Every structure is written in structure tokens, then in C-alpha cells.
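The values are calculated or read from the model by the stated rules, or taken from the named source; none is laboratory data. Because the structure is a prediction, the values reported are computed rather than measured. Here the Cβ positions follow ideal geometry from the backbone for every residue, glycine too, while neighbour counts run over all protein chains shown.
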Amino acid sequence: MKAKLLQPGLLMLIMAVTLSSCIKDQCERMVTYVQLTPIYQTKDEIRAGSLTNETARELCNPGQIYYYNQHIFINERGEGVHVINNIDPENPTNIAFLNIPGNDDIAIKNGILYANNYMDLLAIDITNFGNASLISRTEDIFTPQWEDINTGEVLIEWASEEITETMDCANYATLYNNGGGFFRFNNSVDFSFASADVSIESAVSANQAVGGIGTGGSMARFTIVSDYLYALEDWEMDVISLVDPKQPSFLSSVNMGWGIETIFPLGDKLFIGSQTGMFIYDNSNPANPTFLSAFEHARACDPVFVDGDIAYVTLRDGTPCTGASNQMDLVDISNIESPVLLETFPMDHPHGLSIRGDRLFLCEGENGLKVYDISDPRALDENLLAERKDFEAIDVISLPNSRQTAIVIGRDGFYQFEYDEATKGLKLLSKIEVVEKP
């Protein structure tokens with residue numbers, strides 16, 4: 001069991017001032033805000049309901065995507081995993097839902113799906129996709145958002161309620177000026193912000209499918225290399241042994257500093273994207289990754305994809321990372337201990353990316369999906385081959401097939417496109433729409 005200092009998760013929401021008035025010396029404001037009330041469970045309660053098989057559900061709040069054995073796995077944030085049969089990309093079939101409370105990351109190797117269940121890691125047999133079964137549970141690997149040390153209860157979610165009330169202006173000013181909001185641990189928790197980006201971009205492993213390991217997108221927090229699973233938390237990387245694949249065991253945590261976001265494995269190196277730059281770790285001893293070097297940039301969200309001697313790093317604004325740049329940096333990593341910036345290309349609002357051969361697929365958020373020819377990486381901006389601007393693209397996986405198929409997740413759906421070399425176009429093969437919860 002790993003001992004950690006527990007930190008409260010930070011949440012943001014919008015406070016809107018709808019009316020203000022002054023009567024003589026008294027000032028009042030009518031304020032509308034969202035009150036969040038924490039919901040707790042004991043660890044025993046969490047573990048009692050850790051995995052159930054369900055019939056297919058509609059997508060409501062998709063997170064990461066993962067490809068394994070002609071199936072697509074789409075995380076439903078905090079709830080579990082959709083399983084989609086993708087033997088025919090033009091007619092994908094949603095076949096099952098794995099109900100895993102608290103889940104936001106997965107990785108798969110040789111028919112075993114590894115998933116977080118709040119603070120625990122589950123090993124799940126998916127050799128029968130429609131009838132998954134729990135093999136084992138490794139307890140207390142991950143840090144809960146909050147744990148009451150007196151009761152042992154763990155914070156699992158927040159019940160939200162919109163409240164409109166009259167607030168004395170002095171109290172309002174104190175609230176508003178106190179760092180933009182306040183946080184109170186008791187029966188209810190209030191957060192208030194004048195403005196905020198409340199999107200949470202979970203991520204998936206970006207390693208390529210080799211020898212029974214699945215393929216994920218570029219915004220990774222879980223990834224498998226050989227017999228080891230690496231899982232990112234806010235400031236550290238957990239190293240988990242899969243030497244016994246049915247009984248994962250925690251080995252260590254590597255402290256990396258605050259703001260760790262994505263992980264990309266390539267050969268015996270791990271490339272870590274953070275809010276301040278890209279860190280490179282030597283993974284020649286996979287049980288003990290060691291720091292090699294770093295490439296620093298202005299604070300921004302930072303997916304990384306590595307191809308040969310070049311790391312492609314995307315930075316974007318308008319997120320909790322508070323960055324102000326929308327760009328792609330090309331970083332020369334031929335000298336792995338001294339990465340050097342080669343080029344910077346302005347972008348619209350870059351998110352996830354994927355490379356197959358000399359084709360780079362780039363998600364541009366609300367600006368859709370782009371395809372670049374990177375046979376000459378330093379001329380990337382001169383070689384835009386195709387784009388689609390009619391949907392929102394968050395993360396992408398280019399599949400290992402002859403059709404140059406790209407699977408894309410966005411806030412309004414899951415898409416599959418085929419890039420056509422002859423027409424230099426992106427043909428929509430299929431879409432599974434996101435449906436709002438009732």
C-alpha cells in the first residue's frame with residue numbers, strides 16, 4: 001500500500017451577478033451561483049460496487065478513447081467504459097458498458113483491462129467483451145480527491161444545486177476578491193468564480209499496439225510498456241508491475257512536480273507532458289524510470305507525440321492551465337539529454353494528435369480536425385492536406401490499417417474518418433452521437 005498526502009481536488013464553476021441595487025447606505029446583490037455538496041462513501045462501499053456488466057449505454061460525457069483488437073473503448077467520465085465493436089468502421093456497434101464508478105483511465109494488454117476505481121486499480125478479464133469479469137483489485141494505489149482521516153470516507157462526487165439569493169455587497173466583495181472564490185469543508189462546499197473553463201480533459205495512453213497492448217490517444221495518463229503500467233497523478237507517476245498480469249503490484253511513485261498531464265512511451269524513453277514543459281525519462285530500467293532532460297515552455301496544456309527524433313508538442317489557451325498560446329512546437333530530441341526547439345507553428349486551438357507514417361492528424365477543438373504531411377517536418381505549415389471544421393475534435397488515434405482511418409472523440413460524439421490520398425479529403429465513415437443526460 002502506498003502512503004500519500006491527500007489533497008482536495010479543485011473545482012471551478014461560474015458565478016453570475018444578475019441584479020444589483022443600492023438603497024440608501026445598504027447595498028445588496030441578487031446572485032446566482034452553484035452550490036456543491038460533497039458525497040462520500042467508505043472504501044468498503046466503493047469496493048462492493050466496483051464492476052458490473054451492463055447492456056450498451058448512450059454516450060453522455062465521453063473522456064478518453066482506446067483501441068484494442070478491433071474494438072473501441074470510450075470512457076464515460078467517472079462512470080465506466082463503453083465497448084464498441086469496430087470490425088466494420090462504417091457500422092460500429094455499441095455492444096456493452098462496463099460500470100466502473102470513479103473511472104477515468106484504462107489500458108489493455110493481452111485481454112486484461114486495467115482501470116482505476118477511485119483509489120484502487122482493477123484488473124478485468126475482457127476476453128469476452130460482453131461479459132467482463134473482475135480478476136483482482138490492487139488497493140490504495142491512487143490518491144482520492146479527499147479522504148476524511150477520521151471516518152475513512154472518500155469523496156466520490158459533488159451534488160450541484162443552482163441557488164439564487166440576495167447577498168450583502170460587503171459579503172459579496174469579500175467572497176469575490178478572496179482569490180476568485182472560496183472553499184469550505186463541511187456539509188457543503190461553495191466555489192465561485194467570475195469566469196472559468198470548467199472542461200476536464202482526461203487523457204489516454206499514446207503507445208502503439210505491439211504484442212497485445214492497445215492503442216490510445218495523445219492525452220495520456222495511463223500507459224503500458226512491457227510488463228509495467230505507468231499512471232500519472234497531479235505531481236507524480238505511479239510505477240505498477242504487471243509481471244503477474246492478474247495481480248498488479250505497486251512499486252513506487254516518481255515525483256515530477258505539479259501539473260503533470262500526459263505520457264507518451266517510445267522505446268526505452270517516457271515523454272511526460274506537463275503544464276510547464278516536456279520531461280524525458282530514461283526507462284531502460286522500467287521498474288525505476290529516471291529523469292534525463294526537460295524542454296520548458298510557457299504555461300499551457302501540453303499533449304506530446306514523438307516520431308523519430310522529433311517531439312510534437314501542442315499548446316493551447318482558454319483552459320485551467322491559463323496558457324495564452326495556440327501553437328505546435330517541434331522539438332529536436334536527437335540529443336536526448338538536450339532537447340532543442342526547431343520550429344513553432346501557430347495553430348487554432350490544438351488538442352490531441354496522432355501520427356501514422358508521414359501523416360499527422362491534429363485535433364483543433366471547435367475548429368475540427370486537420371491532416372498534415374510531415375515528410376518534411378519543418379515545412380509542416382506549408383503542407384496542410386485536409387481539414388474538417390464541422391465538428392469539435394478533442395483526441396484522435398490513427399489506426400494501423402491501410403485505409404488511413406482516424407478515430408476521433410469530441411464533446412458531441414465519436415467519429416471515424418478515412419483520409420483519401422487521391423482526393424486529399426477526410427471522408428466521414430461513421431458517428432456515434434453524444435446524448436444529454438435526462
The listed residue being over 29 Å from Asp412 (Cβ atoms) and modelled with pLDDT under 95, out of His297, His349
His297
Keeping to region 398-438, report how many residues are in contact with an Asp or Glu (Cβ under 7 Å, 6 or more places away or on another chain), hydrophobic (A, V, I, L, M, F, W, C) and farther than 18 Å from Lys370 by Cβ.
2
Select the strands (runs of 3 or more DSSP E) contained entirely in region 1-101, then report the ones holding at least 3 residues which are modelled with pLDDT of 80 or more.
26-42, 52-54, 62-68, 71-76, 80-85, 93-99
Since Asp234 meets every condition but one in (1) of a type in the set (Asp, Glu); (2) surrounded by fewer than 18 Cβ atoms within 10 Å (Cβ to Cβ); (3) modelled with pLDDT of 95 or more, which condition does it not meet?
(3)
Just give me the residues in region 408-438 being over 15 Å from Leu59 (Cα atoms) and either charged (D, E, K, R) or under 24 Å from the mean Cα position of the chain (by Cα) (or both), in sequence order.
Gln416, Phe417, Glu418, Asp420, Glu421, Lys424, Lys427
For region 387-425, which positions are part of a strand (DSSP E or B), touching a Gly at 6+ places or on another chain (Cβ under 8 Å) and buried (at least 20 other Cβ atoms within 10 Å of the Cβ)?
Ala393, Asp395, Val396, Ile397, Ile409, Tyr419
Look through region 241-263, keep the residues that are touching a Ser or Thr at 6+ places or on another chain (Cβ under 7 Å), buried (at least 21 other Cβ atoms within 10 Å of the Cβ) and of a type in the set (A, V, I, L, M, F, W, C), and return whichever of them is farthest from Asn69 (Cα to Cα).
Ile260
Scanning for something surrounded by fewer than 21 Cβ atoms within 10 Å (Cβ to Cβ), more than 22 Å from Leu113 (Cα to Cα) and either within 24 Å of the chain's Cα centre (by Cα) or of a type in the set (Lys, Arg) (or both), does region 39-50 turn up at least one residue?
yes
Listed residues Leu292, Leu342, Leu369, Leu270; which is touching a strand residue (DSSP E or B) at 6+ places or on another chain (Cβ under 7 Å), within 25 Å of Thr405 (Cα to Cα) and at pLDDT 95 or above?
Leu369
Check off (1) buried (at least 16 other Cβ atoms within 10 Å of the Cβ); (2) in a strand (DSSP E or B); (3) without any contact (Cβ under 8 Å) to a residue 60 or more places away in the chain for Leu428 and give me the number that stays unchecked.
(1)
All conditions in (1) under 23 Å from Met328 (Cβ atoms); (2) modelled with pLDDT under 95 are true of Ile280 except (2)
Does Phe129 satisfy being touching a strand residue (DSSP E or B) at 6+ places or on another chain (Cβ under 8 Å), within 28 Å of Leu399 (Cβ to Cβ) and at pLDDT 65 or above?
yes
Looking at (1) among the aromatic types (Phe, Trp, Tyr); (2) over 22 Å from Glu236 (Cα atoms); (3) within 21 Å of the chain's Cα centre (by Cα), which is the only condition Phe129 fails?
(3)
For Ala209, work out the one condition from (1) closer than 21 Å to Gly78 by Cβ; (2) at pLDDT below 85; (3) surrounded by 14 or more Cβ atoms within 10 Å (Cβ to Cβ); (4) under 23 Å from the mean Cα position of the chain (by Cα) it doesn't fulfil.
(1)
Considering residues that are among the acidic types (Asp, Glu), over 13 Å from Val225 (Cα atoms) and outside any strand (DSSP E or B), the number found within region 260-287 is 0
The number of residues in region 330-384 that are among the charged types (D, E, K, R) and not in a strand (DSSP E or B) is 9
